[in-house]
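Every number in this text was worked out from the coordinates using simple rules, so none of it is lab data. Everything quoted here is computed from the prediction, not taken from an experiment. For neighbour counting, all protein chains shown are included, and Cβ atoms are generated from backbone atoms with ideal geometry for every residue, glycine included.
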Amino acid sequence: MDLTFSAEDEAFRVEVRDWLETQLSGEYRELRGIGGPGDEHVAFEARRVWEKHLGAAGYTCLGWPREYGGRALKLTQQMIYFEEYARARAPGRLGHIGEELLGPTLIAFGSDAQKKRFLPPIVRGEQFWCQGYSEPNAGSDLASVRTRAVRDDDSWLITGQKTWTSLAHYSDWAFVLCRTDDAAPKHKGISYLLVPMRQPGITVRPIQQMTGTSEFNEVFFENAHTDADLVVGEVNAGWKVAMGTLAFERGASTLGQQLNFQNELNAIVAIAKENGASQDPVLRQRLSQAIIGLRVMRYHALRTLSLMQGGQLAREAMISKLYWATWHRELGKLAMDVLGARSEIAEESAAGTYDLTALQRLFLFSRSDTIYAGSNEIQRNILAERALGMPLEPRSLTAPTAATAKSPEKIS
Amino acid sequence: MNFAFTPEQEEMRRGARRFLGACSSSEHVRAAMQSPTGFDERVWRRIANELGWPALVIPEEHGGVGLSYVELVAILEETGRTLLCAPLFSTVCLATNAILAAASPSQKNQYLGAIAAGELTAALAVSEPAGKWDSSGIHASARPLASGGFALDGTKSFVVDGHTAGLLVIAARRPGSMGDDGVSLFAVAPNTPGLSRHARVTMDATRKLSDIELRDVRIPSSALLGELGQGWKPLSHALDLAAVALAAEQVGGAQRCLDMAVAYANEREQFGRVIGSFQAIKHKCADMLVDVESARSASYYAGWAAAHSASELLVAAPLAKAYCSEAYFRCAGENIQIHGGVGFTWEHDAHLYFKRAKSSESLLGSPSYHRELVALRTGL
Ligand SMILES: Cc1cc2nc3c(=O)[nH]c(=O)nc-3n(C[C@H](O)[C@H](O)[C@H](O)COP(=O)(O)OP(=O)(O)OC[C@H]3O[C@@H](n4cnc5c(N)ncnc54)[C@H](O)[C@@H]3O)c2cc1C
């Protein structure tokens, strides 16, 4: 057991820290602290430029193999990068879905041609992706997707509806789970398609969230096209690929977010010290509990990192999503309780706009942490079944009835 | 960066598990907890002679093997898993740590060799009837005598294995002093005139607690460990180390509760199916797993800090104690719930873990006390 970073790791940390500091004190000064959950609508154009700048400097996709433009850095250094990125309060990433979800999925399951075509622009920070999984009738029960793709000469024709699609309105491409065989059992008739977003067959409609902002969207497909060879994995074997993506979503990519949490916690502690909440016996205990919870999250990440050097997600790592989501949701409530009456008052801004403070956004947005990427209940099912070997939930194995094409007009 | 145990450490853990499987079964624990001493002398001899646990963290120059807290944490996870009844926690995790932290080299030689060899057991007497574990809880007085030496007066409580220990390390203060100032540690033979001790009946019978009465107990100046009046600092460090040790035990206990619960849930049938197929039960088990694995990370980190980083230990120790205490208690409670009526019986082991979880939660100070330490030490 050696919990110190090697000299090489420390040197890398200094390199990343210095680079970020230089950029965010100079040309990209305005971007510090911008973007991220609840704040995705802010400064999109400037952040798009930042993404390319990151790519050009070699600060995207650090763990990817060199042949696809990555730097093949080990997990420890990837984690250091994420930590420094958060510590510097660098802008919320736009390319993270491509970098953390699609990229690793293609590296694991994609064809050579797919890798050559899609990985380099993600590394360069030029191409943004969204995740087209959930539908109105397929949420936790993802295998019930009805959006349907049929082959037509050299392309797929896609019809149906996705929903809650984060950042679809900014995205160039989507990875979409489609039903390609109605007759097969429901997990066996799904394919994983790569679909260009900017085409006549696709309509994106933002959904306003409880935060007042719109980070996620409805996406309507009416005979949308994609090339025949843009299926990841085999046709009708997309479930396996989709589950692979979810493992990435729940695994390595959450390791660095703790520094963002640390920034939030620091802000709350500073307020508590200033307004006296830190001397309230109950709030003081809760603040300490939050400090403890975040440190344990870090220790756990370090431990699972060691276990993951072998490559696969260990049983110990499977608790991470449930743990951090629950902790973070509690932090959001604590922020409001520390603020007391002031928690009600939003930013001073033009009358009539619903412009929330960062901590109000934390409070509201953290309610979604326990829903997306596998809700807390689904996480508990997974832990019980896969980590503890308990009986499986009863589940229907038949495919849902085929989708009827709904246009956006008809929906509203 | 590597959080894993070495193959040698893993082998020690497996050795501990094998030994405890044979010598700390439910029958052993029940026999020991009903005996007056609270442990089986023969098992303790074997622990000392065959496994060398009392010598583990004692440096080689004082007759020990000089391994680190990382190894100790791995072993204590196993002893906690089986509720081992032995003077291990009192001797190694409390008294030895206090002696290591406070005593002069010659005093270390005097006591630690015998402890390492398993010839001497020791207890640490800090807390008093009010049950506090900070310096404000120490009222017992050490009055300097004109002839040299000291006279001790006061009452010590919640002294783990205090009724059987061959050596008592007692915290007392200079008359009139307050807080951290004026606290000293004394190594006292239990048969010193004026000292009386008696074991209390404890709800958790697997860990014996004693009261120690001090009535004009006259001890020579050589009994003073380290500097007069400067004992709180080393004592506080020793208590941090003890907290890390206790947290490791708690992780082992919590893991055992989870294992028992899952095994039972997968076998007990109601409504024509195993109760483990009900989501209410599955989700309890999943939450227990979260508790166990996160607590384990806290415990291992604290173990590493105990071995390698005094500054990290300051926060990691109370953190681990607060966190693992609550994790263990929740798991022990859910284990009873998942077992239903049989979990409420004396015959089933669930209550042994439940009671140990509760007693461990208050030993060395409650979770809220340890959270306060975290608050203070992180500058809140
Ligand atoms: C902020 C945000 C961003 C999102 N971004 C995306 C995105 O980019 N792409 C995308 O595809 N999706 C996205 N989602 C959708 C997300 O994946 C789904 O919301 C999630 O899978 C839950 O599905 P649902 O909303 O249909 O709820 P449901 O599945 O209907 O769940 C409702 C409730 O029932 C519980 N429940 C469901 N099944 C079970 C069960 N078997 N056992 C016990 N309880 C159960 C759930 O835990 C939940 O409490 C996003 C969601 C949010 C909130």
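Per-residue counts of other Cβ atoms within 10 Å, averaged by peptide: what ranking do you get for B:124-131, B:147-154, highest first?
For the peptides B:124-131, B:147-154, the packing ranking is B:124-131, B:147-154.
Sum up the charges of everything whose Cβ sits under 15 Å from the Cβ of A:Leu94, counting Lys and Arg as +1 and Asp and Glu as -1, but leave A:Leu94 out.
Here the count lands on -4.
Under 5 Å between amide hydrogens, which residues at least 5 positions from A:Ala174 or on another chain qualify, with H placed 1.01 Å from N in the peptide plane?
Here A:Cys130, A:Val195, A:Met197 satisfy the definition.
Could you work out, residue by residue across A:381-387, how many beta carbons of other chains sit within 10 Å of that residue's beta carbon, and then give the average as an integer? Mind dumping the intermediate values first?
Details: counts 4, 1, 9, 14, 2, 0, 6.
For this peptide, the per-residue mean of nearby foreign Cβ atoms is 5.
Say R0 is 22 Å: what FRET efficiency, to the nearest 0.05, do A:Met210 and A:Asn275 get from their beta-carbon distance?
0.25
When only Cα pairs under 8 Å and 6 or more residues apart are kept, what is the percent relative contact order across chain A?
15 percent
Using just the C-alpha positions of region B:7-121 as equal point scatterers, what log10 of I(q)/I(0) does the Debye formula give at each q in 0.13, 0.20 1/Å?
Scattering profile of region B:7-121, log10 relative to I(0): -0.48, -1.07.
Using only Cα atoms, figure out Rg for the protein assembly as shown and give it as a multiple of 2.2 N^0.38 Å. Spell out each step's value before the answer.
Values: Rg = 30.1 Å, N = 792, 2.2 N^0.38 = 27.8 Å.
Taking N as the residue count of the protein assembly as shown, the ratio is 1.08.
Nearest 10 degrees, 0 to 90: what angle lies between the long axis of helix B:232-265 and the longest principal axis of chain B (Cα atoms)?
20 degrees
Using Cα pairs under 8 angstrom and six or more residues apart, how large is the relative contact order of chain B, in percent?
Details: 744 pairs, mean separation 59.8, N = 380.
In percent, rounded to a whole number, it is 16.
Between the helical axis of A:320-339 and the dominant principal axis of chain A, each derived from Cα atoms, what acute angle in degrees is found, rounded to the nearest 10?
Long axis of A:320-339 versus the principal axis of chain A: about 50 degrees.
Provide a whole-number value for the mean count of partner chain Cβ atoms within 10 Å of the Cβ atoms in peptide B:260-266.
Per-residue shielding by partner chains comes out at 2.
Could you sort the peptides B:155-165, B:38-48 by per-residue average Cβ neighbour count (10 Å cutoff), highest mean leading?
B:155-165, B:38-48
Give the aspartates and glutamates reachable from A:Lys74 as a straight Cα distance under 14 Å; neighbours fewer than 8 places away on the same chain don't count.
A:Glu8, A:Asp9, A:Glu10
Which residue, chosen from B:Ser68, B:Ala98, B:Gly80, occupies the Cα position most advanced towards the positive end of the dipole of region B:7-121, where the dipole is computed from +1 (Lys, Arg) and -1 (Asp, Glu) charges on Cβ about the Cα centre?
It is B:Gly80, whose Cα lies furthest towards the positive end.
Between beta-carbons, use under 9 Å as the cut-off and find the net charge around A:Gln258, counting Lys and Arg +1, Asp and Glu -1. Write down the numbers at each step before the final one.
Values: positive: A:Arg298; negative: A:Glu83.
Net charge in that neighbourhood comes out at 0.
Reachable lysines from B:Lys233, Cα under 23 Å, same-chain residues fewer than 8 places away excluded?
Filter leaves B:Lys108, B:Lys132, B:Lys156, B:Lys321.
Under the rule that a partner needs its Cβ under 4.7 Å from the first Cβ, which Cys of chain B have none?
That list is B:Cys23, B:Cys85, B:Cys93, B:Cys285, B:Cys324.
Can you list the residues, at least 5 places off or on another chain, whose amide H is less than 5 Å from the amide H of A:Glu126, using H built in the peptide plane?
For A:Glu126, no residues qualify.
Using the basic label-point model (7 angstrom from Cα toward the beta carbon), what is the B:Ala130 to B:Gln230 distance in nanometres?
Spacing of the two 7 Å Cα→Cβ label points: 2.7 nm.
Listed here are the pairs A:Lys116/A:Lys162; A:Lys273/B:Lys358; A:Lys321/B:Lys282; A:Lys188/B:Lys284; A:Lys162/A:Lys240; A:Lys188/B:Lys282; which of them are more than 22 Å apart at the Cα?
Pairs exceeding the cut-off: A:Lys116/A:Lys162; A:Lys273/B:Lys358; A:Lys188/B:Lys284; A:Lys188/B:Lys282.
Taking amide H positions as placed in the peptide plane 1.01 Å from N, state which residues far from B:Arg197 in sequence (5 or more) or on other chains have amide H under 5 Å from it.
Here B:Glu213 satisfy the definition.
Just order A:66-79, B:292-305 by mean Cβ neighbour count inside 10 Å, highest at the front, would you?
Put in order of decreasing packing, that is B:292-305, A:66-79.
Dipole magnitude of region B:123-229 about its Cα centre, charges +1 at Lys/Arg Cβ and -1 at Asp/Glu Cβ only, in debye to the nearest 20?
220 debye
Can you put B:Cys285, A:Cys130, B:Cys257, B:Cys23 in order, fewest other beta carbons within 10 Å first? Each step should come with its number before you reach the end.
Working: B:Cys285 25, A:Cys130 28, B:Cys257 31, B:Cys23 18.
Lowest count first: B:Cys23, B:Cys285, A:Cys130, B:Cys257.
Give me A:Met243, A:Met336 ranked fewest to most by other Cβ atoms within 10 Å of their Cβ, as a rough exposure proxy. Working shown, then result.
On the way: A:Met243 12, A:Met336 17.
So the ranking, lowest neighbour count to highest, is A:Met243, A:Met336.
Determine the shielding of peptide B:364-375 by partner chains: average, over its residues, the number of Cβ atoms on other chains within 10 angstrom of each Cβ.
Averaged over the peptide's residues, the number is 3.
I want the local charge near A:Arg380. Using Cβ-Cβ distances under 10 Å, sum +1 for each Lys or Arg and -1 for each Asp or Glu among the other residues.
Charge balance in the 10 Å sphere: -1.
Taking Cα pairs under 8 Å and at least six residues apart, what relative contact order does region B:123-229 come out at, in percent?
On the way: 269 pairs, mean separation 33.4, N = 107.
Worked out over region B:123-229, it gives 31 percent.
Rounded to the nearest 20 Debye, what is the dipole magnitude of chain B about its Cα centre when Lys and Arg each give +1 and Asp and Glu each give -1 at the C-beta?
Using Cβ point charges on Lys, Arg, Asp and Glu, chain B gives about 520 debye.
Just rank A:Leu331, A:Leu307, fewest to most, by other beta-carbon atoms within 10 angstrom.
With the fewest neighbours first, A:Leu331, A:Leu307 line up as A:Leu307, A:Leu331.
Name the residue from B:Ala302, B:Ala248, B:His237 whose Cα lies farthest towards the positive end of the charge dipole of region B:233-377, charges +1 on Cβ of Lys and Arg and -1 on Cβ of Asp and Glu.
Result: B:His237, furthest along the dipole toward the positive end.
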